[in-house]
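A short write-up of the structure that comes next.
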Amino acid sequence: MKCSMCKHGETHPGMVTVTLQRGEATVIIKGVPGEVCENCGEYYLSEDITVKILALGEEAVKKGAEVEIIRFAA
């Protein structure tokens, strides 16, 4: 698909690192599958992946993590 950010690049399947922040908590999730723009690097996640990412972030915040780094597992 055409990148909606830069309007020039096409996206291709790839792996990305997603950073979530809420208050004082920062959660970094590595190895997330997504569509990545070949031109600007912007990434797009499917709805299913987004739901999983948000659940991982919520779990880390509930545990009281200030900084947490997680490897994504599909």
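The values are calculated or read from the model by the stated rules, or taken from the named source; none is laboratory data. In this text the structure is predicted, and so the values were computed from the model without any measurement. Note that each Cβ is placed from the backbone with ideal geometry, even for glycine, and that neighbours are counted across all protein chains shown.
Can you name every residue in the range 44-58 that is closer than 24 Å to GLY9 by Cβ and crowded, with 16+ Cβ neighbours inside 10 Å?
Result: TYR44, LEU45, ILE49, ILE53.
Pick out the one residue from VAL61, VAL27 that is modelled with pLDDT of 95 or more, surrounded by 11 or more Cβ atoms within 10 Å (Cβ to Cβ) and either hydrophobic (A, V, I, L, M, F, W, C) or not in a strand (DSSP E or B) (or both).
VAL27
Quick one: is GLY41 small (Gly, Ala, Ser), surrounded by 13 or more Cβ atoms within 10 Å (Cβ to Cβ) and free of Cβ contacts under 8 Å to residues at least 12 places away in the same chain?
Against the criterion (small (Gly, Ala, Ser), surrounded by 13 or more Cβ atoms within 10 Å (Cβ to Cβ) and free of Cβ contacts under 8 Å to residues at least 12 places away in the same chain), GLY41 qualifies.
From THR17, THR26, THR50, grab the single residue that is closer than 17 Å to PHE72 by Cβ, among the polar types (S, T, N, Q), touching a residue at least 12 places away in the same chain (Cβ under 8 Å) and out of contact with any Lys or Arg (no Cβ under 9 Å at 6 or more places or on another chain).
Going through THR17, THR26, THR50 in turn, the sole match is THR26.
Looking at GLU35, is it in contact with a Pro (Cβ under 7 Å, 6 or more places away or on another chain), on the phi < 0 side of the Ramachandran plot and part of a strand (DSSP E or B)?
Considered against the rule, which asks whether it is in contact with a Pro (Cβ under 7 Å, 6 or more places away or on another chain), on the phi < 0 side of the Ramachandran plot and part of a strand (DSSP E or B), GLU35 comes out as yes.
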